[in-house]
Amino acid sequence: GFGFENEITATAHSNYHALQTSLSGTIPHGGPGIQASYTWGKSIDDTSQVIGGTGSTGAVAQGFPQNPYDTHPERGPSSFDVAHGFGLSVAQDMHLESVNFLRPISRKVTDGWELLSISSMSTGSPFTIFSGVQQTGAGSNGVDRPDQIAKPNLSTSRKVREDYFGQGANNAAFFYIPIHVPGGTGRNQGRFGTLGRNTFRGPAYYNFDFALIKDTPFGRRKSGAERIDLQFRSEFFNLFNIVNMGLPANIVTGSGFGEISRTAGSSRQIQLSLKLIY
């Protein structure tokens, strides 16, 4: 008989290093409670993917190496890496009952108002440039990378924010697909590209959520304590309606290469609700 032996080699590797800071406290004399956090970090691996979420919008992701016989060139930022992340939470009792011109109004109306705010800002997600051509006789289809021959001026502050690489239909000029070269392999007589994995980052992400809440107690127990709270909530997600851009099309030979066709996150959402707490 014949016997076959399969060997699985553990070659994948990842690490994460970060500086994490936080500050919390309450400002005296009726000021708000504040909690702020900042993370400066870096996650490095040789394969990872982001499924769903805000960061992956618009770009193709692959979990396979371009050269299955050498995974070392795959080492780079994780697809979910966030280099800088800042968060700020604020909770403020409005103290409307102490506002002079509101004092004639019943305290049932002015008591119990609270303003909440959660803000977050983070750097963009990494993404890989793929050539869209099977360059060699090895590797999986769709994972080959080109050479980078010029440096694009990445920006979303220009007038046409959707053109992330800045040259529109000529964005492919920043890259060279090494096919039909001396010593090349496969039907395209090419070699693997020298561009690394996840060498570019998409636009930064901003989000500001607010909520205005009022608790109104009514009814009393025999002990004299309030029986039920009626809570009114007005919630504003992405209050300033900021347009967060997604990732650009990342296949050199594909349609609209280097341009952003989708947004990340949602537009402004407003939600009103009533809740009984007892």
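Values computed for the structure shown
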item: Residue that is farthest from Thr123 (Cα to Cα), among those in the range 137-178 that are modelled with pLDDT under 90, open to solvent by 30 Å² or more (accessible area, probe 1.4 Å) and of a type in the set (Ser, Thr, Tyr); result: Ser140
item: The listed residue being closer than 17 Å to Leu195 by Cα and open to solvent by 40 Å² or more (accessible area, probe 1.4 Å), out of Pro68, Pro77, Pro104; result: Pro68
item: Residue match in the range 195-206 (condition: over 30 Å from Asp46 (Cβ atoms) and touching a Leu at 6+ places or on another chain (Cβ under 8 Å)); result: no
item: Residue in the range 86-100 that is modelled with pLDDT under 95 and in contact with a Ser or Thr (Cβ under 6 Å, 6 or more places away or on another chain) present; result: yes
item: The range 226-274, residues that are of a type in the set (Ser, Thr, Tyr), over 25 Å from Thr110 (Cα atoms) and surrounded by fewer than 15 Cβ atoms within 10 Å (Cβ to Cβ); result: Thr253, Ser255, Ser261, Ser266, Ser267
item: Tally, over the range 82-101, of residues that are farther than 30 Å from Lys42 by Cα, open to solvent by less than 60 Å² (accessible area, probe 1.4 Å), under 36 Å from the mean Cα position of the chain (by Cα) and of a type outside the set (A, V, I, L, M); result: 1
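Here is a yes/no grid of residues against (1) assigned to a strand (DSSP E or B); (2) without any contact (Cβ under 8 Å) to a residue 12 or more places away in the chain; (3) small (Gly, Ala, Ser); (4) touching a Pro at 6+ places or on another chain (Cβ under 8 Å):
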{"position": "Gln231", "(1), (2), (3), (4)": "yes, no, no, no"}
{"position": "Ser234", "(1), (2), (3), (4)": "yes, no, yes, no"}
{"position": "Leu239", "(1), (2), (3), (4)": "no, no, no, no"}
{"position": "Ser255", "(1), (2), (3), (4)": "no, yes, yes, no"}
{"position": "Leu276", "(1), (2), (3), (4)": "yes, no, no, no"}
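The values are calculated or read from the model by the stated rules, or taken from the named source; none is laboratory data. On a predicted model such as this, the values are computed, not experimentally measured, just so you know. So basically every Cβ, Gly included, is an ideal-geometry build from the backbone, and we count neighbours across all protein chains shown. To get the accessible areas, we keep the full protein, side chains included, count just its heavy atoms, and leave off ligands, DNA and RNA. Shrake-Rupley method; radii C 1.70, N 1.55, O 1.52, S 1.80 Å.
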